[in-house]
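Novice: Below is the structure I would like to discuss, written out as structure tokens.
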Amino acid sequence: METWLASRDHVRQRRGLVRAATPGDPVAPGAMLDLASNDYLGLSRDPRVTAAAVDAVQRYGSGARASRVVNGTLAVHAALEEQLCQLTGVESALAFSSGYLANLGVLGALGGPGTLLILDAHVHASLLDAARLSRSPVVMVPHGDVGQVATALNTRSQPRAVVVVESLYSVLGDGANLTELAALCAYYDAWLLVDEAHGIGVAGAGRGAVHAAGLAGAGHVVLSVTLSKALGAQGGAVLGSRALREHLVNTARPFIFGTALAPAAAAAAAMAAQIIADEPALAGQLQENAATLARLCGIERSPGAVQSIPMPSADHAVKAAATLRAAGVLVGCFRPPSVPDGVSRLRVTARADLTLQELDYAAGLLRPMAREHRADPSEHNGSGR
Ligand code: PMP
């Protein structure tokens, strides 16, 4: 059995799905210039956020001890949900133990054999898994193709439909056309589920892309968020109308059958949400740093924190990431099967707490790589996912 496991790990390492464990791995945080993680606003180490987590542990203990529907619902969950509503402008919120589970929960609750799910081809793995688990008929449309969404809605035979997109996409860093999609969904009587994992705290002065598009009050627009990126904590949530929340409480299986979100994570995320709402300059600083990073690297700027540098092959991407690592800079190295378009790339993430010197240092290394390795965008270098 152990031999079989070792051989499987070897294959996975070769395909780049896991890193081989080497002595001294992982690199101590802080020792490297981190352009790979998702702490977009630097809030995971903000003293107000960490103090809120410590206080919640002392008050409630280290775990929630039960499912929300048994006796795991704590005041800190209600406070978090209230803060998320205030931040996004959406009527109601329900917290989950992760963004992944929030997506499983919402699509499980809205989907089923009578609901057509229309997924953008670049949506996150959690949404793909959620669609599969929901036992719904599924149509995948080419990335960003609003016309194909309209055709799928118009020609559907199912009474219900959900269009599933991300507000800002996680690998390429581009955004969805929320205004057009919401109008289409209203016309064809469908839900629009927007995964704001990379939009919350980033777009719309931190309130998210749905808020920025003026769609926060729209009854047919549903948001899912993670608390683990700009909010610097852990967990997830679904936001929508009160009726939707009620439906989720009664039908979302990860919510009903999983232990409630840990109190420390809930309190930290609630504090982070309050800070983001009170201090829009934080999201402004992130946007400024992302623009500076893209400009200094000589690449096209993506609207969010994630900036994407295409590489001509998976090998180039791995070598470039290793060179950067040796020079003290950590970047995301994405290659098939975890790139939706089959193009290997470095994913460079800006944060609000990066200094101009740090941006300058990283860009000094990245700029020649972006220039030298500029990939032909028509040339796919892998199989995609
Ligand atoms: N949706 C998207 C778009 C994501 O990028 C992620 C995290 N990578 C998730 C959902 C899952 O969130 P979590 O890490 O909180 O499970």
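Novice: Say we look at segment 240-265 and pick out the residues that are more than 29 Å from Gln58 (Cβ to Cβ) and among the aliphatic types (A, V, I, L, M); which of these is surrounded by the fewest Cβ atoms within 10 Å (Cβ to Cβ)?
Specialist: Ala243
Novice: Pick out the one residue from Gly61, Gly114 that is closer than 30 Å to Asn154 by Cβ, outside the structural domain of Gly342 (by TED's automatic domain parsing), modelled with pLDDT of 95 or more and more than 16 Å from the ligand (Cβ to nearest atom). Quick ask: steps written out before the conclusion?
Specialist: Details: Gly61 fails: closer than 30 Å to Asn154 by Cβ.
Matching residue, one of Gly61, Gly114: Gly114.
Novice: Taking the stated definitions as given, is Leu80 surrounded by 14 or more Cβ atoms within 10 Å (Cβ to Cβ), within 16 Å of the ligand (Cβ to nearest atom), assigned by TED's automatic domain parsing to the domain that holds Ala233 and more than 29 Å from Leu172 (Cβ to Cβ)? Outline the logic, then answer.
Specialist: Values: surrounded by 14 or more Cβ atoms within 10 Å (Cβ to Cβ): yes; within 16 Å of the ligand (Cβ to nearest atom): yes; assigned by TED's automatic domain parsing to the domain that holds Ala233: yes; more than 29 Å from Leu172 (Cβ to Cβ): yes.
Criteria met by Leu80.
Novice: Same structure again: Of the conditions (1) at pLDDT below 95; (2) more than 16 Å from the ligand (Cβ to nearest atom); (3) not assigned by TED's automatic domain parsing to the domain that holds Val164, Asn71 fails just one. Which one is it?
Specialist: With (1) at pLDDT below 95; (2) more than 16 Å from the ligand (Cβ to nearest atom); (3) not assigned by TED's automatic domain parsing to the domain that holds Val164 applied to Asn71, the lone miss is (3).
Novice: Given Ala205, Ala212, which one is free of Cβ contacts under 8 Å to residues at least 12 places away in the same chain, closer than 19 Å to Ala290 by Cα and away from the ligand (no atom under 16 Å from the Cβ)?
Specialist: Working: Ala205 fails: free of Cβ contacts under 8 Å to residues at least 12 places away in the same chain.
The conditions single out Ala212.
Novice: Within segment 73-85, can one find any residue that is touching a Leu at 6+ places or on another chain (Cβ under 9 Å), without any contact (Cβ under 8 Å) to a residue 60 or more places away in the chain and not β-branched (Val, Ile, Thr)?
Specialist: no
Novice: Restricted to segment 163-189, and to residues that are in contact (Cβ under 8 Å) with a residue 60 or more places away in the chain and touching a helix residue (DSSP H, G or I) at 6+ places or on another chain (Cβ under 7 Å), which residue is nearest to the ligand (Cβ to nearest atom)?
Specialist: The selected residue is Leu168.
Novice: Across segment 321-357, which residue is farthest from Ala31 (Cα to Cα) among those that are in contact with a helix residue (DSSP H, G or I) (Cβ under 9 Å, 6 or more places away or on another chain) and part of a helix (DSSP H, G or I)?
Specialist: So, considering only residues that are in contact with a helix residue (DSSP H, G or I) (Cβ under 9 Å, 6 or more places away or on another chain) and part of a helix (DSSP H, G or I), the one farthest from Ala31 (Cα to Cα) is Leu356.
Novice: Something else now. Hey, could you check segment 216-255 for residues that are aliphatic (A, V, I, L, M), outside any strand (DSSP E or B) and touching a strand residue (DSSP E or B) at 6+ places or on another chain (Cβ under 7 Å) and say which is nearest to the ligand (Cβ to nearest atom)?
Specialist: Leu227
Novice: Do we have Ala268 as within 14 Å of the ligand (Cβ to nearest atom), in the same structural domain as Tyr100 (by TED's automatic domain parsing) and within 20 Å of Gly61 (Cα to Cα) here? Break it down into steps so the answer makes sense when it comes.
Specialist: Numbers: within 14 Å of the ligand (Cβ to nearest atom): yes; in the same structural domain as Tyr100 (by TED's automatic domain parsing): yes; within 20 Å of Gly61 (Cα to Cα): yes.
It is true that Ala268 is within 14 Å of the ligand (Cβ to nearest atom), in the same structural domain as Tyr100 (by TED's automatic domain parsing) and within 20 Å of Gly61 (Cα to Cα).
Novice: Then there is this: Within segment 256-265, track down each residue that is under 13 Å from Phe96 (Cβ atoms), in a helix (DSSP H, G or I) and more than 12 Å from the ligand (Cβ to nearest atom). Before you say what the answer is, go through the steps one by one.
Specialist: Residues of segment 256-265 that are under 13 Å from Phe96 (Cβ atoms), as a first pass: 256-262, 265.
After this cut, where a residue has to be in a helix (DSSP H, G or I) as well, the list is 256-257, 265.
Ile256, Phe257 - these are the residues of segment 256-265 that are under 13 Å from Phe96 (Cβ atoms), in a helix (DSSP H, G or I) and more than 12 Å from the ligand (Cβ to nearest atom).
The values are calculated or read from the model by the stated rules, or taken from the named source; none is laboratory data. Treat the numbers as computed from the prediction; the structure is a model and nothing was measured. Here Cβ is always computed from backbone atoms with ideal geometry, including for glycine, and neighbour counts include all displayed protein chains.
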